[in-house]
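Everything on this sheet refers to the single structure shown next.
The values are calculated or read from the model by the stated rules, or taken from the named source; none is laboratory data. Since this is a predicted model, take the numbers as computed values, not measurements. Cβ sites come from the backbone with ideal geometry, for glycine too, and all protein chains shown count toward neighbours.
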Amino acid sequence: MMKCRSKAALIADTLNSLSSFLNSEHLLPHARILNNSFSRTRKLPLSSTMFFSLFRHGSTISEDIDFIFQKMSAPPSKNAVLHRQSILNHDVWKAVLKKQISLFYGAGLAQNRYKGYLLVAIDGSKVMLPESPALNQIFGGPLNKACRTKEELIAPSAHISAAYDPLNCQILDFIMEPYNVSEIPMMREHLDRLLPFLEGKKVLILADRYYGSVELFRWCALHGFDFLVRAKNNFFKDLRGEIPEAIQDARFTVTLNKPWIKRIKDPEIRQSFQEDPDVLLRLVRNDYSYQQEDTAIRKKDKKRYKVYKHVDVHAEYFTSLPAGKFSREE
C-alpha cells in the first residue's frame, strides 16, 4: 500500500512540475511569433491558450469555449481565442514534450525496459486536414488525373511521424510535414532531436519496412544503438536471394561502392563508409498467424458486427541484435 501511495505521490509531483512549467515564463520564448506576444496580463494567458488547444473536443469553437472556460464568470470571446491562437508559435509543443520526457524519465516513472533496452518505435501515417486553400499550398496532397494541382485539392493531407516508447506509453517526438516528405528524413529528424536523451542508454530502434537504410544501420553503430527493422521485399534483394529459404537466421555483408557512398548526405556517415564500406547484417525470417478483427454491416438491419479474418504472414527482418541473446523466434 505504501508503494502505491509513493508512486501516486511521485506522479502527482511530476504532473505538478509539468504544470508549473506550462505556467512559467521559461516557456514564453518558445511560444512567441512576435517579440511582445503573451507579454501582458490578459484574461487568456499563454497557459490557457495552450490548454484550449489540448482539450478541444466539441464540434465548434463556441462549444469548446463554454466547456473549457465554464468556471470563469466572463469567458473569453471567440475572437479573443482565435487571436491568441493565431499568435502562438506551435514549436512551443516541442519544448513541452522535451520537458515532459525529462520529468517522467528523470523521476523513474518510465523505467520499463526489454532485456535492459529502451525501445524506440518509429512510424508515420498520412492524415487528412481541414479544407483550406492555405493548407493546400503548405501541405499538398495526393495528385492524380482528376486532381493535378494543389489548388484542385478538395482536402489537403499531411505526413505525420512519431517516435514512441511502447513499454512506457510515451511519445518521445512528433513531426508533421507536407504530404510528399518521405519517412526516412523524418526518422532522422526524430533521432537527431532525441540523441541527447538517448546517448548513454541501451537503445533498440524498431521500424517498419520503409525505414531500412544503410545510413540508419551505420548511424546506430556509430552511437552504440541496436536496431530491428522489417525488410522491404526489394531491399538487398540479390544478397538475400543468395541465402536459401531453408536458412531462417543468417548473416550477410553489404559493401557500398563509391557512387553509393557519394550519394549519402550526412557527412559523418559518409566519412564512416569511406573508412569502412562494409555493413554486416543479420537476416531473420519467420512465419506467424493471427486473427484480424474488423467490422461489417448486416444487410437486413444495417447493424455493424465483428468479423475475423485469418492472416498468415511471412516476415523478414534486419537486425544488429546478437543471436546468442535474441533467438529467431523471439
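A single entry from 19, 77 fulfils the requirement of being surrounded by 13 or more Cβ atoms within 10 Å (Cβ to Cβ) and small (Gly, Ala, Ser): 77. Mind checking whether some residue in the stretch 53-73 is among the basic types (Lys, Arg), out of contact with any Ser or Thr (no Cβ under 8 Å at 6 or more places or on another chain) and crowded, with 16+ Cβ neighbours inside 10 Å? No, the conditions are met nowhere in the stretch 53-73. The residue of the stretch 273-306 that is nearest to residue 220 (Cα to Cα), among those that are of a type in the set (A, V, I, L, M) and modelled with pLDDT under 90, is 296. Residue count for the stretch 221-235 satisfying the condition of being touching a helix residue (DSSP H, G or I) at 6+ places or on another chain (Cβ under 9 Å) and either closer than 15 Å to residue 119 by Cβ or not in a helix (DSSP H, G or I) (or both): 9.
Any residue in the stretch 191-200 that is at pLDDT below 95 and in contact with a Gly (Cβ under 7 Å, 6 or more places away or on another chain)? Within the stretch 191-200 (the criterion being at pLDDT below 95 and in contact with a Gly (Cβ under 7 Å, 6 or more places away or on another chain)), the answer is no, since none of the residues qualifies.
Criterion first (surrounded by 13 or more Cβ atoms within 10 Å (Cβ to Cβ), free of Cβ contacts under 8 Å to residues at least 24 places away in the same chain and out of contact with any strand residue (DSSP E or B) (no Cβ under 8 Å at 6 or more places or on another chain)) does residue 136 satisfy it? Talk me through it step by step, then tell me what you get.
Working: surrounded by 13 or more Cβ atoms within 10 Å (Cβ to Cβ): yes; free of Cβ contacts under 8 Å to residues at least 24 places away in the same chain: yes; out of contact with any strand residue (DSSP E or B) (no Cβ under 8 Å at 6 or more places or on another chain): yes.
Yes; evaluated as a whole, the condition is true for this residue.
Condition first: exposed (fewer than 10 other Cβ atoms within 10 Å of the Cβ) and either in contact with a Gly (Cβ under 6 Å, 6 or more places away or on another chain) or assigned to a loop (DSSP other than H, G, I, E, B) (or both). Now tell me which residues in the stretch 243-270 satisfy that. Result: 244, 245, 246, 247, 257, 265.
Take the conditions (1) over 23 Å from residue 100 (Cα atoms); (2) under 13 Å from the mean Cα position of the chain (by Cα); (3) modelled with pLDDT under 95; residue 207 misses just one of them, which is (3).
So, in the stretch 178-214, exactly how many residues are in a loop (DSSP other than H, G, I, E, B) and closer than 15 Å to residue 231 by Cα?
First, pick out the residues of the stretch 178-214 that are in a loop (DSSP other than H, G, I, E, B): 179-182, 199-202, 208, 212-213.
Subsequent filtering for residues that are closer than 15 Å to residue 231 by Cα retains 208, 212-213.
Total meeting the criteria: 3.
Annotation: of all residues in the stretch 278-324 being more than 24 Å from residue 236 (Cβ to Cβ) and in a loop (DSSP other than H, G, I, E, B), the one that is nearest to the chain's Cα centre (by Cα) is 303. With (1) in contact (Cβ under 8 Å) with a residue 24 or more places away in the chain; (2) in contact with a His (Cβ under 8 Å, 6 or more places away or on another chain); (3) surrounded by 12 or more Cβ atoms within 10 Å (Cβ to Cβ); (4) not small (Gly, Ala, Ser) as the list, and residue 176 as the residue in question, which single condition is left unmet? It is condition (1) that residue 176 fails. Within the stretch 193-206, is even one residue closer than 13 Å to residue 118 by Cβ, out of contact with any strand residue (DSSP E or B) (no Cβ under 9 Å at 6 or more places or on another chain) and of a type in the set (Gly, Ala, Ser)? Within the stretch 193-206, one or more residues are closer than 13 Å to residue 118 by Cβ, out of contact with any strand residue (DSSP E or B) (no Cβ under 9 Å at 6 or more places or on another chain) and of a type in the set (Gly, Ala, Ser). Taking the criterion of being surrounded by 13 or more Cβ atoms within 10 Å (Cβ to Cβ) and under 22 Å from residue 230 (Cβ atoms), the residues of the stretch 139-168 that qualify are 159, 160, 161, 162, 163, 164, 165, 167.
Looking at residue 89, is it modelled with pLDDT of 90 or more and either touching a Phe, Trp or Tyr at 6+ places or on another chain (Cβ under 7 Å) or closer than 17 Å to residue 31 by Cβ (or both)? Taking the combined requirement at face value, the residue satisfies it. Residue count for the stretch 271-327 satisfying the condition of being of a type in the set (Val, Ile, Thr) and surrounded by 10 or more Cβ atoms within 10 Å (Cβ to Cβ): 5. When residue 173 is tested against (1) out of contact with any Ser or Thr (no Cβ under 8 Å at 6 or more places or on another chain); (2) outside any strand (DSSP E or B), only condition (2) is not met. Taken over the stretch 179-207, the residue count meeting the criterion of being surrounded by 14 or more Cβ atoms within 10 Å (Cβ to Cβ) and not aliphatic (A, V, I, L, M) is 9.
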